[in-house]
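Input: a single structure, listed below in structure tokens.
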């Protein structure tokens, strides 16, 4: 135990520190409130009787029932969720493998591949969407199918723009992995696949997890690219919403959209809270273990 | 680990098909003239170029750049202090802070844009409940406000990433050598966060300048930024304005800007760590 010399702080510095922390704290609160403000309004609107949403005329759960009754909306929601899940799984697996590939390249090639990888990350959604639209159109012309655009092209497009995020989050972790670990595993009798699954993947799992989360977020929220490559028939939630924005007569669509998003936000919030509780408990346990071992 | 090289080739092929070929396609498309997407009527022409020198398009370009610039500057002004404060907080888990910022993105962006733009109308639920009427609906102010609210997290993430990586002993050294807090910030922290700020600028400016949903929803379709024009030309809005060559040419112009951003990123952050 080292003894710390404590010097009494002058009062003026104490006050300025207090003021400083109050300013910091209120700034943080205001910005986070601003970011969450639309979500709060969406939750309020989802239980508002007023269809236009200009007045709060009373509490109702009617919209939640109507939401499950709307077949077009439900199919859009189903598309959104299934595309997001499939794209997340596919892009996480492929992105991890591709990151392994990029990691084993020599320096120059590696740099080139990273630049190529960053194209979809930086490119404007409109341009990415238009590019994919043309590729699918041309491919359709080549194989002789005029109307290729649909669910499959939307899924491929989502996998395409999700992979770079997985690669970017796995690569730095792969960089930290000891190059000899893999060889050691092979020497100890692992098959190449066993060494990959039991040694490499566990040591980069935080990167894989971050990548998967980003991929899911991107896919789940995407509008522009889906809109350009899915043709007119298949719709995800964003496309459904945009269509109802364009046809002005469909104000009745809005409360259902609010209801759906209120559910999503509340589920996401719950996951966030549970995750934090788990983390805090883990840290407490770790501390206990450390104290016991001392 | 060398044998994992074989995983790099399929990725190269995949990226070649979906990014490199389309760039050539867009480039080729801007030199032809045709009716909708009927390639039998296609012929070589510079008509896309002459059509693109339309004052409406030039105006859309300058407006897009101006509004996106304002939004980006506001994002730096709000985002840098935010990232700085949080990186100095004593939270043990940086991931939960990132989650707090990611969380709003799970709520559909179009719906969030719509909700905000409805609040900006003279008659809104804000006026009904709190008695505030903002009444800036459809204006450029409204578009910028929505851009900032939507893209602020993309400014905070990269700045936060670089601030997290600054070695605390550097700051201690600076203080030991006699610099006060402000000078330490100016001479140590700020130069070390340039990488994050540049990534943040790119990650906010490009999507803001090319967004077509935000201006469309906020202005009810009256404001035309460059993204809206490309959308029109690509035949999704209505059939009459469809003109693939012009749309391709405008996309190529955006792509040139993106290439510049790619080059910049490859200089300042070769591993792309600040792009997440």
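Yes or no, residue by residue, for (1) under 15 Å from the mean Cα position of the chain (by Cα); (2) assigned to a loop (DSSP other than H, G, I, E, B); (3) crowded, with 18+ Cβ neighbours inside 10 Å; (4) at the interface with chain A (Cβ under 10 Å from one of its Cβ atoms):
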| residue | (1), (2), (3), (4) |
| --- | --- |
| B:51 | no, no, no, no |
| B:57 | no, no, yes, no |
| B:60 | no, no, yes, no |
| B:65 | yes, no, no, no |
| B:76 | yes, no, no, no |
| B:86 | no, no, yes, yes |
| B:127 | no, no, no, yes |
| B:141 | no, no, no, no |
| B:152 | yes, no, yes, yes |
Does the stretch A:41-53 contain at least one residue that is more than 10 Å from chain B (Cβ to nearest Cβ), free of Cβ contacts under 8 Å to residues at least 12 places away in the same chain and part of a helix (DSSP H, G or I)?
no
Please specify each residue of the stretch A:178-214 satisfying the condition of being surrounded by fewer than 16 Cβ atoms within 10 Å (Cβ to Cβ), within 11 Å of chain B (Cβ to nearest Cβ) and either at pLDDT 85 or above or part of a helix (DSSP H, G or I) (or both).
A:179, A:180, A:181, A:183, A:186, A:192, A:206, A:209
Residue list for the stretch A:221-230, filter: surrounded by 24 or more Cβ atoms within 10 Å (Cβ to Cβ) and assigned to a helix (DSSP H, G or I):
A:224, A:225, A:226, A:227, A:228, A:229
Applying the selection to the stretch B:204-221, what residues are more than 7 Å from chain A (Cβ to nearest Cβ) and more than 23 Å from residue A:240 (Cβ to Cβ)?
B:204, B:205, B:208, B:209
Residue check: is residue A:131 facing another protein chain (nearest Cβ under 7 Å), free of Cβ contacts under 8 Å to residues at least 60 places away in the same chain, touching a helix residue (DSSP H, G or I) at 6+ places or on another chain (Cβ under 7 Å) and closer than 27 Å to residue A:235 by Cβ?
yes
Any chance residue A:218 is crowded, with 20+ Cβ neighbours inside 10 Å and either in contact (Cβ under 8 Å) with a residue 24 or more places away in the chain or away from chain B (no Cβ under 11 Å) (or both)
yes
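The values are calculated or read from the model by the stated rules, or taken from the named source; none is laboratory data. Everything numeric in this text was worked out from a predicted model, so none of it was measured. FYI the Cβ positions are ideal-geometry reconstructions off the backbone, even for glycines, and counts take in every protein chain you see.
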